[in-house]
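Asker: Following this message is one structure expressed as structure tokens.
What follows is calculated from the coordinates using simple rules that are stated; it is not laboratory data. These figures come from a predicted structure and were not determined experimentally. Positions of Cβ are generated from backbone atoms using ideal geometry, with glycine treated the same way; all protein chains shown enter the neighbour counts.
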Amino acid sequence: MSTSPCLKHRCSKCCIETEMPLTKRDIQRIENLGFKEEDFVRYVDGIPVLKTKEDGSCVFLEDGKCKIYKYRPDGCRLYPLVWVKGIERATLDPHCPYRYEFRFTHKDVEKLAELVKEIYHHEGSGVTTKIRKTGGAKRG
């Protein structure tokens, strides 16, 4: 999978008005950088998600760039590939302006399905891996 479209276009749209679910590995990886869990995690219905600032942007977004890019959560790495309730499959988030510039493999889709199972503790949870608060994939 290529992440270059975000960097190429200097786009951080996906880092604004989002709730990115986190795995235990994501949390540990970020804690290993010296951050405390309470500084970057909040819980929504028992699911850990990245905190956002008052302006709605990810707590790690600074000057339009991710300050933990190399260590970002797996869901961020797979975006704009999302898992959508109802169709129970991976699709590209229609709100990503550069979604068709990404190249995903079958392994990326399998990894996304595994993340959904891990985070939501069962197959076909129906919750998107990338949940947008406004104008995006709907929550289930």
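Asker: Listing HIS9, HIS95 from the residue with the fewest other Cβ atoms within 10 Å to the one with the most, what is the order?
Answerer: Fewest-to-most Cβ neighbours within 10 Å comes out as HIS9, HIS95.
Asker: Listed highest first by mean packing, meaning other Cβ atoms within 10 Å per residue, what order do 26-36, 66-76 come in?
Answerer: Ranked by mean Cβ neighbours within 10 Å, highest first: 66-76, 26-36.
Asker: Listed here are the pairs LYS8/LYS67; LYS65/LYS111; LYS24/LYS53; LYS24/LYS65; LYS53/LYS85; which of them are more than 19 Å apart at the Cα?
Answerer: Long pairs (Cα-Cα over 19 Å): LYS65/LYS111; LYS24/LYS53; LYS24/LYS65; LYS53/LYS85.
Asker: What does the C-alpha gyration tensor say about the overall shape of the range 4-132? Classify as rounded when a/c is under 1.5, otherwise prolate if a/b is larger than b/c, or oblate.
Answerer: In terms of gyration-tensor shape, oblate.
Asker: Next question. In the range 43-90, what GluC sites (Glu not before Pro) fall in a loop by DSSP, with at most 11 other Cβ atoms inside 10 Å?
Answerer: Those satisfying the criteria are GLU54.
Asker: Still on this structure, I have one more. Can you tell me the length gained on complete extension of the stretch TYR100 to CYS11, counting 0.36 nm per residue apart and subtracting the Cα distance?
Answerer: 30.6 nm
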